[in-house]
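Everything on this sheet refers to the single structure shown next.
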Amino acid sequence: MNRIVPALVAAALLAAPGAFAAESAAPADRAPPPKAPSAMTPTEIKAHNEGLAQTHPYYIKCRKTLEIGSLVKKNRVCYTNEKWKEVTAQGNQNARDTAEAMVGKGVNSN
């Protein structure tokens, strides 16, 4: 029994790199989505994401945001991971610019 467990672990480790290589090689040649992800239906998004890792740059993620002025209506916003990075970076830059502008106005220059 004590010899079987290490043998099984060794076999699993030897087989694992081949499985990971096959999995990561297939989606590497995948193209970006054919149209804007927000314009795609959930079925189209699911079909596009099939076989892609959730960390792949072309994997599509959707988020729902509340519509301003409505208590019920929500908007669905979908982007690829690559685009989400850009959107987040731009939002962070806008926040930094606004904070710097506000700090500059609060300082007395006598």
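Computed from the coordinates by the stated procedures, all read-outs in this text should not be read as laboratory data. Computed from a predicted model, the values in this text were never measured in an experiment. Reconstructed Cβ throughout: ideal geometry from the backbone, glycine too, with neighbour counts over all protein chains shown.
Once fully extended, how much extra length lies between LYS74 and THR88, figured as 0.36 nm per residue of separation less the alpha-carbon to alpha-carbon distance?
Details: separation 14, 0.36 × 14 = 5.04 nm, distance 2.00 nm.
The span from LYS74 to THR88 would gain 3.0 nm if fully extended.
Would you list, by chain and number, the lysines whose Cα falls below 30 Å from the Cα of LYS73, excluding same-chain residues fewer than 8 positions away?
Here the lysines satisfying the reach criterion relative to LYS73 are LYS35, LYS46, LYS61, LYS64, LYS83, LYS85.
GLU44 to LEU66: FRET efficiency via 1/(1 + (r/R0)^6), r the Cβ-Cβ distance, R0 22 Å, to the nearest 0.05? Don't skip to the end; give the middle numbers.
Working: r = 24 Å, r/R0 = 1.11.
With a Förster radius of 22 Å, E is 0.35.
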